[in-house]
Amino acid sequence: MNRLQVRLSRLPLRVRLVAGFSATTFVVLVAAGTFVYWRVDYALDRGLDTELTQASETLGPLTRAGGQVSNRPAAEATGVAWQVLDGDGTVLDHGGPAGTSGLVSARQLGQVGTTPRTFNVGAFLPGSHEPYRLRVIQVSTSPRHYLLVGVRREHRDAALRALLVQLTLAGLGTLLVTAFVGDRLARAALRPVERYRRRAAAIANGTADLRLDVPPQRDDEITRLGHTFNDMLATLEGALERERQFVNEASHELRTPITLLTSRIQLALRKPRTPAEHERTLTELKVDLDRLAALAEQLLQLSSVDGIRGQRSSGLVAATGRVINKRRLADPGHVGKIIVKLPTHELAVPLADFEIDRILTNLLDNAALHGTAPYEAAVDEPTPRWARLTVADAGPGMPPDLLAGATQRFTRADEARSRPGSGLGLALVDTLVAQAGGELRLCHDGHHSSHGHPAPVPCAHGPAMTVIVLLPTISTAPTAGVSSTS
């Protein structure tokens, strides 16, 4: 059985579909033909049995105890073959087409009791010369005598043989037609699949910008498969393009610190130096290495959030409070520069604690690096089912032409290139917010830039540089016990 399954599995799908369709059709035809044959056979036998019953009811009272018929003309008038037999099968009297030889054997007579029995004698296939349908009745028990009544069944057998031939021919014809139609249907159904396969092979060989041809007027399993493949190809092409852009931009950004490190080392090796000069050179190298390590860390963080996210949920108010407290403990001298406004109730958002930490840390670092104190971090619920995290500063803000592209990787203003940073902070924030189904807004002096999924919340207005993170809420947690502080 396993070998048969293996062999069948190696056949083309079209052949297996046609074979399965044909096998099912064959089973249905055999079942239907068997039912029709049985019903016709039953109807013909019932007609013969009616004739036998009427004849036996006429001949039974005419049979004497000695095995002779009392009124032969009346017996012959029935028009059937009849015999009177003893227990050994010897013919005691007969009439009609029946001769002196018993039409049934002694063994068959032994099967007859008080209930009449019906027998068919003579082969159906091939046709017999003397086919009979017989009815045997026991007319006396001591001695045992039997009345046998029979009618010839040539017409019944001929009709059944003709029916059998017709059913066979009709079944074979139907099987051939259904196999042909099944093959045509299978070819038509699988033709788009083969076309998709060839197109996918071309794409796999490096042909770019190809899509599967999906008929716009159809909506079935094949077209839905084509749409799914096209969506997948678009996603993969977008991912490859982002990866290509990321590698190019990362190579460009890494080239500067690596070149600077190489130049400093070459300069330090040109002539002998004192220990103090070596220490100064090593200190400069450490600054460059720290910047390079920070850039590599941000690149790793950005690549990690590009993966698949699972179900996550955290309290935005509690996570914001923890981030602010860590910054205060790490730099007590700048405690008064951060104004924090948190509600007294929790807001659950589809982000993990460490993701909220990344978002808020990057926004506060950007504000501290490019903005001016005081800095404000606030959390509120502007509309039902939406939470808002706001980080603002009193700095010069971004030029209007930079707001739209500020979330692109390695994007920085010209005046910001002399300051530390890599231009990856807002890109990381944008990726995390978009994956959570939220919106990132950059607002300054009446100019706004939106990124991610639009939220039904009005924009902020004012001269301050403001970064707004809008996140859908999951549920409202119990009171967090956090109040506004400064």
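Here, each number is a calculation from the coordinates, and none is a lab measurement. Values in this document were obtained by computation on a predicted structure and should not be read as measured data. All Cβ positions, glycine included, derive from the backbone under ideal geometry; neighbour counts span all protein chains shown.
Of all lysines in the structure, those lying under 28 Å Cα to Cα from LYS337, and not within fewer than 8 positions of it along the same chain, are LYS326. Near HIS345, the amide H atoms lying under 5 Å from its own belong to ALA480; only residues 5 or more places off or on other chains count, and H is placed 1.01 Å from N.
Calculated FRET efficiency, ALA234 to ARG312, Cβ-Cβ distance, R0 = 25 Å: about 0.40 to the nearest 0.05.
Peptides 370-379, 80-89, 36-45: what's the order by average Cβ count within 10 Å, highest mean first?
Working: 370-379: 18.7, 80-89: 21.0, 36-45: 13.1.
So the peptides 370-379, 80-89, 36-45, ranked by packing, come out 80-89, 370-379, 36-45.
For ALA373 and GLU241, the FRET efficiency from 1/(1 + (r/R0)^6), where r spans their Cβ atoms and R0 equals 51 Å, is about 0.80. Stokes-Einstein diffusion of the stretch 1-56 at 20 °C, 1.002 mPa s viscosity, Kirkwood radius from Cα pairs, rounded to a whole number: 145 µm²/s. Here's how it looks for ALA464: its modeled amide H is under 5 Å from those of ASP445, which are all 5 or more places away or on a different chain.
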